[in-house]
Amino acid sequence: MKKTFMIFLVALMAAIPFSSVSASSNDAVTRGQFFKMLVEHLGYDVSKAKAELPKDVPANSPYADAAKILKDKKIVVGFGDGTFRPNQPIKPSEAAAIVSRLLVIKGDAKSALAENYGITFDNENTLSLEKAQEIISKALTSDEKALEILDQMTIAQNELTSFKANAKMNMDFKLKEGQTDIPEFTNGMKMDTNVTMTFHKEKGMHQQVTIAVPDPATNELQNMTVEQYFVPEGMFMKVDDPETGEAHWLDMSAGLPFSFAELMKTNEESMQIVNEFNRQYFFYRDLGMEVVNGANNYKLAFQGKIHSLEDMLGMLGTILNDQSDQLLVGLENMPNIAMEMTGYIWVDEKTKLPTRQTCKFVIVFGQAKEPGMDLPIESIQYDMDMNYSAFNEVQEIVLPEEAKNAEKLPGFEEPVDLPQTDI
């Protein structure tokens, strides 16, 4: 059975100041006005929206762009008859529900806004301009202090030479109804993973991964161990042979689109770009100081959602520049992907380096443009708890001798020039 592991590393951040709408502070804000305030505040590029306009929002409406992009990102779903009713006053419960989708709030949205952001509603039927502005400014704007800490953390990480980390990860795969690709797992599949990692920005990376997966026949957990080196010599992996149970090394270097040195350079150059990109999608809150292993740490909460594969590809294209075409070829036909993420980061007060990060994210796979590209997986829920240590203490990462004689896996095939026809 094929297993595909996807790891999304995302840097997380804030928002853009909102603009005003044409209403007095005493007027009831309409749904269209709230949509427009939201889109302008978040800085969405409305030109990229592909959804059709709701049937009650004409192209010349002042709310057309906002309605189209919010529908495209499924932030606003509208009513059962396909309308958005932009001229109807928006109810506080509706505004709270819309904001909750951006913040990945599950359950009672109004209670969560009151508990986490101090936003309460006196009127259950209408929303004043003042209250609409309060919701957006408090809930959909990252704390300035949190952003300052994150910027300092980015600088400290770029100056870091080495570190160690260990992580516990739990993955829960939910399969699409009626799928036949993995018939043994009719109710989905769970996977528990433990990772230990040693990293040096010049010497490379070494990690050992232990994965517990259920046996299709007995449903009992089986442990699978993988050891990996990504070093200047290339990428090497030690895996257990499923037939013999014996471990052997594989040389995967030929399939890499870039070397370790190139990856490190790209990572250093792109970290700030990633920060800026994700300010559109994720929001940070400063929760104050907490003691971790005897040291003061800032505790930051983050939450948000990337709405589409197109948004993810836009970030990768910005980071990888001329390498993006090679890496992203063919992905335009993949199923759409939406990713929700919530969690916490602890940052050492003195060093400004992260000491721990917990994260829960859910990846939802949509329909592929080409039927053959559809995946049997409907969603993946991923929980991670990672701890960092030994900053600048790692001296060497040495590839074992037996790995140097590993079986070489073939690289990507060169594109084939097809003969031209008049058809």
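A short reminder: the numbers here are calculations on the coordinates, not readings from a lab. Every value quoted in this text rests on a predicted model; they were computed, and no experiment measured them. Glycine gets a Cβ as well: all are built from the backbone with ideal geometry, and neighbour counts include every protein chain shown.
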Net charge contributed by nearby residues that have their C-beta within less than 13 Å of residue 162 (K/R +1, D/E -1): -1
Label-point separation in nm, residue 250 to residue 202, each point 7 Å along Cα→Cβ: 3.2
In Hz, Karplus ³J(HN,Hα) per residue of segment 138-145 (6.51, -1.76, 1.60; θ = phi - 60°; x = Gly, Pro): 8, 8, 10, 9, 5, 4, 4, 5
Protection proxy ranking, peptides 131-142, 387-398, average beta carbon neighbours within 10 Å, highest first: 131-142, 387-398
Proximal charge balance of residue 91 [Cβ under 12 Å; K/R count +1, D/E count -1]: +2
Net lengthening on full extension, residue 124/residue 336 (0.36 nm per residue, minus Cα-Cα): 72.7 nm
Burial ranking of peptide ranges 59-66, 30-37, 79-86 (average Cβ count within 10 Å, highest at the top): 30-37, 59-66, 79-86
Three-way shape call for segment 65-104 based on the alpha-carbon gyration tensor, with the a/c threshold at 1.5: oblate
Which listed pairs, of 73/360; 174/408; 164/238; 145/190; 48/106, have C-alpha distances above 26 Å, in listed order: 174/408; 145/190; 48/106
Theoretical gain in end-to-end length, residue 293 to residue 88 [0.36 nm per residue, Cα-Cα removed]: 68.4 nm
In Hz, Karplus ³J(HN,Hα) per residue of segment 113-123 (6.51, -1.76, 1.60; θ = phi - 60°; x = Gly, Pro): 5, 5, 6, 8, 10, x, 9, 10, 10, 8, 9
Residues residue 396 and residue 50, FRET efficiency given R0 of 56 Å [Cβ-Cβ distance, rounded to 0.05]: 0.65
